[in-house]
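Trainee: Here it is, the structure in full.
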Amino acid sequence: MEAKLLKYTKSIAYEESGKFEETRFEKKHNVIFSNSSEGSLKVAKEIADLIISKKAKGEQCILGLATGSSPIKVYEELVRMHQEEGLSFSNVVTFNLDEYYPMTKDNIQSYYYFMHEHLFNLVDILPENIHVPDGTVTADELHQYCIDYEKAIDESGGIDLQLLGIGRTGHIGFNEPGSHFNSETRSIILDYITKVDAAPSFLGIENVPKKAITMGIKTVRKAKRIILLAWGQNKSSIIKNTIEGEISSKVPATYLQHHNNTTFILDIEAASELTRINTPWLVGPCVWDEKLSSKAIIWLCQKTGKSILKLIDEDYNDNGMSSLLVEQGSSYDLNIKMFNKVQRTITGWPGGKPNADDSSRPERANPINKRVLIFSPHPDDDVISMGGTFDRLVSQGHEVHIAYQTSGNIAVSDYEALKFAEVSKNMKCSKDDSFISGIINQIKTKKDNAVDSVEVRKLKGVIRQMESLAATRYLGVPDENVHFLNLPFYETGSIKKNPLCDEDIAIMCDIIEQIKPHQIYAAGDLADPHGTHRVSLNALFDALKILKPKPFMDDCWLWLYRGAWQEWDIHEIEMVVPMSPDQVLKKRKAIFFHQSQKDGVMFQGNDIREFWMRAEDRNTKTAEKYNNLGLADYAAMEAFVRWHY
Ligand code: F6R
């Protein structure tokens, strides 16, 4: 997907960006990389060069540093340079942007802890040169502490290079919306969205501190050089507002438009809403390949409020798409071609229609009865994201297998686990109930944020297994076709997961080899840089790479669905499976079996609705979008993209 998107940009070279007419909507220099690793290496190199050049002049290098997910790979690369290339931090002085308040230094959620874990403990920086706002100062001392922090920065000679991330509120540091252009280091109340984003690490929004200490906007602006990092689709909308929008305290990062030595380093997903990437026909000539013209025509329908077959030449001309008309004929021809293309994505036969001409259908007719393997990152994504399609595959006679990639145990609350443990104890099935009593005791005496014991995790995992089996039985799948992979990368007991290892990939290879599927379905959440869905997808991609040479793989197609949080854009969809109102209700019921994920789940995200509500809303909206394009009016639709591995 990254590579495909890249075609829409004329140039992504660092030096060239900003030269072209197509950047005319952009008020800030930015450089787009195809992924966060490439961008991070470039930034680490700039920081290392600065440290080295300062050292050559006998000077200290003053760095302003950020925490969060965005700078992690930059720190990893700096550590690598220290370990392998002798990069020394002996002349480096650091000032961190912010810290939660109140917060102790040994709390694993503290930024003090984060910085030591990711950088300071791994390089030769002098401890006295490290400054992280102190979350332990008393309320009485806080005001003076902030003044002193600001003074310490000034007395060091000022920040040479400030690294920033950006929050979805547009905060830099913790300068939330409403922050003043001339604000200095101070305490601040965290915005609701910021707390939502921090909630998973704190195991629930109620545990996120309400306040923080942060450098101010003025403090940041005084830096001689600023680099802001943003990765992933989650950041795309705030990045567009920050780079193309008006300067406003509502989006504090827009204040950076005033700074004349700032660069935004983005990956293609974070940049995906910039005008030149999202609608390149509005900024200059484009190369009209099939994908870009589909995207533009769907956009044109949405912009004009017309269905595909009602678009006229004038609509194309008025909206930067005249070159498409010139290249490809009249609007009439373009419209018909597009209409047929979208029409052909609709099928009630996701496993292929038996004995039918399949030349313009999304799936092959043969073999009539297919072996289908649905990968579900957590034990519920299968029904949330493709419950209707799942139901059709089973009822149309295919051999459907479900493989739950992770146990999903950390998303089961202690209350839920306690309920099952107490039910089990009260059954009094065995004289020796010390095991279950031990579990009950562990849950009851658990400290905030503590990691569950192996036994409690096991119980939570089993709860999710039983819920999954209830749902798969309801949809008519025999238990022996339901596989719980419990991939090891997930089993840390905390939000932070291990990297994928050989054992994860081996488990994935085994299940695919055992079933030899004609169709694989998987969660295609490509944009999520760290989440379980992305890691689960990577595990599948790695396994497919290994298995590709095997003959059975020639006949195996991979379809990607989207997880609970987002949907494919209409122009990307290659198969869409309609649902009748009854099928919508059946899907809802299948989701209901996942009781531990109902009524206030632990990892809610910024959408307070339950999963079944989100799924229904999304499936209904997809159907509405199809209908608005002039296609048949269905109750709901599930969408898929075919991935050629
Ligand atoms: C962290 C900080 C914040 C983060 C921002 C993005 O020190 O000041 O502004 O940079 O919230 O966080 P991530 O990188 O986790 O998306």
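Trainee: Here is a check on your reading of the model: is VAL477 in contact (Cβ under 8 Å) with a residue 40 or more places away in the chain, assigned to a strand (DSSP E or B) and more than 27 Å from the chain's Cα centre (by Cα)? Break it down stepwise before answering.
Mentor: Values: in contact (Cβ under 8 Å) with a residue 40 or more places away in the chain: yes; assigned to a strand (DSSP E or B): no; more than 27 Å from the chain's Cα centre (by Cα): yes.
So VAL477 fails the test.
Trainee: Which numbered condition in (1) within 11 Å of the ligand (Cβ to nearest atom); (2) open to solvent by 10 Å² or more (accessible area, probe 1.4 Å); (3) not aromatic (Phe, Trp, Tyr) is the only one that ASP140 fails?
Mentor: In the conditions (1) within 11 Å of the ligand (Cβ to nearest atom); (2) open to solvent by 10 Å² or more (accessible area, probe 1.4 Å); (3) not aromatic (Phe, Trp, Tyr), ASP140 misses (1) alone.
Trainee: Out of all the residues in region 148-165, which are within 10 Å of the ligand (Cβ to nearest atom) and either open to solvent by less than 10 Å² (accessible area, probe 1.4 Å) or over 23 Å from the mean Cα position of the chain (by Cα) (or both)? Full working, then the answer.
Mentor: From region 148-165, those within 10 Å of the ligand (Cβ to nearest atom) are 163-165; that's our starting set.
Once the filter is applied, which keeps residues that are within 10 Å of the ligand (Cβ to nearest atom) and either open to solvent by less than 10 Å² (accessible area, probe 1.4 Å) or over 23 Å from the mean Cα position of the chain (by Cα) (or both), region 148-165 yields LEU163, LEU164.
Trainee: Hey, among the residues in region 401-441 that are basic (Lys, Arg) and assigned to a helix (DSSP H, G or I), which one's surrounded by the fewest Cβ atoms within 10 Å (Cβ to Cβ)?
Mentor: So the first thing to find is which residues in region 401-441 are basic (Lys, Arg), and the list is 419, 425, 428, 431.
If we keep only those that are assigned to a helix (DSSP H, G or I) too, we end up with 419, 425.
Working: LYS419: 14, LYS425: 16.
Out of the qualifying residues, it is LYS419.
Trainee: Please pick out the residue among ILE239, ILE213, ILE227 that is closer than 26 Å to ALA296 by Cα, among the aliphatic types (A, V, I, L, M) and either touching a Cys at 6+ places or on another chain (Cβ under 8 Å) or open to solvent by less than 20 Å² (accessible area, probe 1.4 Å) (or both). Working first, answer last.
Mentor: Working: ILE213 fails: closer than 26 Å to ALA296 by Cα; ILE227 fails: closer than 26 Å to ALA296 by Cα.
Checking each option against the conditions leaves just ILE239.
Trainee: Using the structure shown, decide if HIS398 is buried (at least 24 other Cβ atoms within 10 Å of the Cβ) and touching a Gly at 6+ places or on another chain (Cβ under 6 Å). So that I can check it myself, show each step before the final result.
Mentor: Values: buried (at least 24 other Cβ atoms within 10 Å of the Cβ): no; touching a Gly at 6+ places or on another chain (Cβ under 6 Å): yes.
Judged against the criteria, HIS398 is not a match.
Trainee: For the structure I just gave you, tell me whether ARG614 is of a type outside the set (A, V, I, L, M, F, W, C) and either within 22 Å of HIS594 (Cα to Cα) or out of contact with any Phe, Trp or Tyr (no Cβ under 8 Å at 6 or more places or on another chain) (or both). I'd like the intermediate steps shown before the answer.
Mentor: Values: of a type outside the set (A, V, I, L, M, F, W, C): yes; either within 22 Å of HIS594 (Cα to Cα) or out of contact with any Phe, Trp or Tyr (no Cβ under 8 Å at 6 or more places or on another chain) (or both): yes.
Yes: the conditions hold for ARG614.
Trainee: Continuing with this model, one more query. So is ASN340 surrounded by 15 or more Cβ atoms within 10 Å (Cβ to Cβ) and over 30 Å from LYS516 (Cβ atoms) or not? Give the steps one after another, and end with the answer.
Mentor: Numbers: surrounded by 15 or more Cβ atoms within 10 Å (Cβ to Cβ): no; over 30 Å from LYS516 (Cβ atoms): yes.
Here the answer is no, as ASN340 does not meet what is asked.
Trainee: Filter region 93-137 down to the residues that are hydroxyl-bearing (Ser, Thr, Tyr) and surrounded by fewer than 17 Cβ atoms within 10 Å (Cβ to Cβ), then identify the one that is farthest from the chain's Cα centre (by Cα).
Mentor: Per the stated criteria, the residue is THR136.
Trainee: Kindly establish whether MET579 is surrounded by 19 or more Cβ atoms within 10 Å (Cβ to Cβ), touching a Pro at 6+ places or on another chain (Cβ under 7 Å), closer than 18 Å to ARG392 by Cβ and at pLDDT 95 or above. Write out each step before concluding.
Mentor: Details: surrounded by 19 or more Cβ atoms within 10 Å (Cβ to Cβ): yes; touching a Pro at 6+ places or on another chain (Cβ under 7 Å): no; closer than 18 Å to ARG392 by Cβ: yes; at pLDDT 95 or above: yes.
Considered against the rule, which asks whether it is surrounded by 19 or more Cβ atoms within 10 Å (Cβ to Cβ), touching a Pro at 6+ places or on another chain (Cβ under 7 Å), closer than 18 Å to ARG392 by Cβ and at pLDDT 95 or above, MET579 comes out as no.
Trainee: Here is a check on your reading of the model: is SER69 within 33 Å of the chain's Cα centre (by Cα), within 16 Å of the ligand (Cβ to nearest atom) and surrounded by fewer than 18 Cβ atoms within 10 Å (Cβ to Cβ)?
Mentor: On the way: within 33 Å of the chain's Cα centre (by Cα): yes; within 16 Å of the ligand (Cβ to nearest atom): yes; surrounded by fewer than 18 Cβ atoms within 10 Å (Cβ to Cβ): yes.
It is true that SER69 is within 33 Å of the chain's Cα centre (by Cα), within 16 Å of the ligand (Cβ to nearest atom) and surrounded by fewer than 18 Cβ atoms within 10 Å (Cβ to Cβ).
Trainee: What's the number of the only condition in (1) out of contact with any Gly (no Cβ under 9 Å at 6 or more places or on another chain); (2) open to solvent by 60 Å² or more (accessible area, probe 1.4 Å); (3) at pLDDT below 95 that VAL454 fails to meet?
Mentor: Here VAL454 meets the rest and fails (1).
Trainee: For region 50-66, give me the residue count where each residue is open to solvent by 40 Å² or more (accessible area, probe 1.4 Å) and either in a loop (DSSP other than H, G, I, E, B) or closer than 19 Å to LEU228 by Cα (or both).
Mentor: Of the residues in region 50-66, 5 are open to solvent by 40 Å² or more (accessible area, probe 1.4 Å) and either in a loop (DSSP other than H, G, I, E, B) or closer than 19 Å to LEU228 by Cα (or both).
Trainee: Which ones in region 551-576 are within 15 Å of GLN519 (Cα to Cα) and either touching a residue at least 12 places away in the same chain (Cβ under 8 Å) or touching a strand residue (DSSP E or B) at 6+ places or on another chain (Cβ under 6 Å) (or both)? Reasoning before the result, please.
Mentor: Step one: list which residues in region 551-576 are within 15 Å of GLN519 (Cα to Cα), which gives 551-561, 574-575.
The answer is PHE552, ASP555, CYS556, TRP557, LEU558, TRP559, LEU560, TYR561, GLU574, MET575.
Trainee: Select from region 121-137 the residues that are touching a residue at least 12 places away in the same chain (Cβ under 8 Å) and either within 16 Å of the ligand (Cβ to nearest atom) or polar (S, T, N, Q) (or both) and list them in ascending order.
Mentor: Correct list: ASN129, ILE130, HIS131, VAL132, PRO133, ASP134, GLY135, THR136.
Trainee: Residues LYS28, LYS42: which one is modelled with pLDDT of 95 or more, basic (Lys, Arg), open to solvent by 10 Å² or more (accessible area, probe 1.4 Å) and farther than 30 Å from TRP559 by Cα? Can you show your working first?
Mentor: Numbers: LYS28 fails: modelled with pLDDT of 95 or more.
Criteria check complete, one pass: LYS42.
Trainee: Among the numbered conditions (1) over 30 Å from ILE368 (Cα atoms); (2) in contact (Cβ under 8 Å) with a residue 60 or more places away in the chain; (3) surrounded by fewer than 19 Cβ atoms within 10 Å (Cβ to Cβ), tell me where GLU503 comes up short.
Mentor: (2)
Trainee: Quick one: would you say ILE463 is open to solvent by less than 20 Å² (accessible area, probe 1.4 Å) and not in a helix (DSSP H, G or I)? Steps first, answer last, please.
Mentor: Numbers: open to solvent by less than 20 Å² (accessible area, probe 1.4 Å): yes; not in a helix (DSSP H, G or I): no.
No: the conditions fail for ILE463.
Trainee: Same structure, new question: Checking LYS447 against (1) modelled with pLDDT of 95 or more; (2) assigned to a loop (DSSP other than H, G, I, E, B); (3) open to solvent by 60 Å² or more (accessible area, probe 1.4 Å), only one condition comes out false. Which one?
Mentor: Of (1) modelled with pLDDT of 95 or more; (2) assigned to a loop (DSSP other than H, G, I, E, B); (3) open to solvent by 60 Å² or more (accessible area, probe 1.4 Å), only one is false for LYS447: (1).
Trainee: Something else: From ASN619, ASN627, which residue is open to solvent by 50 Å² or more (accessible area, probe 1.4 Å) and outside any loop (DSSP other than H, G, I, E, B)?
Mentor: Working: ASN619 fails: open to solvent by 50 Å² or more (accessible area, probe 1.4 Å).
Testing whether each residue is open to solvent by 50 Å² or more (accessible area, probe 1.4 Å) and outside any loop (DSSP other than H, G, I, E, B) leaves just ASN627.
Trainee: Kindly establish whether LYS195 is basic (Lys, Arg), on the phi < 0 side of the Ramachandran plot and at pLDDT below 95.
Mentor: On the way: basic (Lys, Arg): yes; on the phi < 0 side of the Ramachandran plot: yes; at pLDDT below 95: yes.
For LYS195, the condition - basic (Lys, Arg), on the phi < 0 side of the Ramachandran plot and at pLDDT below 95 - is met.
Trainee: Further question: Taking region 242-270 as the search range and keeping residues that are of a type in the set (Gly, Ala, Ser) and in contact with a Gly (Cβ under 7 Å, 6 or more places away or on another chain), which one is most open to solvent (accessible area, probe 1.4 Å)?
Mentor: Filtering region 242-270 for residues of a type in the set (Gly, Ala, Ser) gives 245, 248-249, 253, 270.
Still in the running and in contact with a Gly (Cβ under 7 Å, 6 or more places away or on another chain): 249, 253, 270.
Working: SER249: 46, ALA253: 1, ALA270: 0 Å².
Selected residue: SER249.
The values are calculated or read from the model by the stated rules, or taken from the named source; none is laboratory data. On a predicted model such as this, the values are computed, not experimentally measured, just so you know. Quick reminder, even Gly has a Cβ in these numbers, built from the backbone with ideal geometry, and neighbours come from all protein chains shown. Surface accessibility is based on the protein's heavy atoms, side chains included, excluding ligands, DNA and RNA. Shrake-Rupley method; radii C 1.70, N 1.55, O 1.52, S 1.80 Å.
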